[in-house]
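I have placed the structure first, in the form of structure tokens, so that the comments after it can refer back to it.
The values are calculated or read from the model by the stated rules, or taken from the named source; none is laboratory data. Quick caveat, the model's predicted, so the values are computed rather than measured. Counting neighbours? That spans all protein chains shown, and the Cβs are built from the backbone with ideal geometry, glycine included.
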Amino acid sequence: MRAYLRLLLLFALTAGAAYLASRLLVPNAVPVADSEQPQWYLQLAFVLRSIELIGLGGIVLVLVAGLAAWFGGRSPTKPVR
């Protein structure tokens, strides 16, 4: 269970750092590709949003795997210790 918590913390820190970096570096940029030649701040906004979503996806996967392992270890036929 400790490995799940470490991974959860790692992904949470990754998502949080990307979110804070996007708010500090490009606060008013919305990652929408609407120009023919994208500017550097739009590209940076896309990269930071991607990292943030990867971190959030990792959190969901770790939670699902951790809950599956936790509930999978419990069996109604096995006595509780």
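Take the range 18-37 and flag every residue that is more than 22 Å from GLY58 (Cβ to Cβ) and surrounded by 15 or more Cβ atoms within 10 Å (Cβ to Cβ).
Across the range 18-37, the qualifying residues are VAL26, ALA29.
Only residues that are within 17 Å of LEU20 (Cβ to Cβ) and surrounded by fewer than 16 Cβ atoms within 10 Å (Cβ to Cβ): list them for the range 57-70, please.
none
So, in the range 32-59, of the ones that are among the β-branched types (Val, Ile, Thr) and under 28 Å from LEU9 (Cα atoms), which residue ends up farthest from the chain's Cα centre (by Cα)?
Top of the filtered list is VAL47.
What residue, of ALA12, ALA18, is in contact with an Asp or Glu (Cβ under 6 Å, 6 or more places away or on another chain) and either assigned to a helix (DSSP H, G or I) or hydrophobic (A, V, I, L, M, F, W, C) (or both)?
On the way: ALA12 fails: in contact with an Asp or Glu (Cβ under 6 Å, 6 or more places away or on another chain).
Only one candidate passes the filter, namely ALA18.
Pairs needed: first member in the range 37-61, on the phi < 0 side of the Ramachandran plot; second member anywhere, of a type in the set (S, T, N, Q) and at pLDDT 95 or above; C-beta distance under 6 Å; at least 6 residues apart or different chains.
GLY55/THR14
Which pairs turn up if I take residues in the range 5-28 that are of a type in the set (Val, Ile, Thr) and look for partners that are at pLDDT below 95 with beta carbon separation below 6 Å, at least 6 apart in sequence or on another chain?
Partner pairs satisfying both residue conditions: VAL26/TYR41; VAL26/LEU44; VAL26/ALA45.
Of the conditions (1) under 22 Å from the mean Cα position of the chain (by Cα); (2) at pLDDT 85 or above, ALA29 fails just one. Which one is it?
(2)
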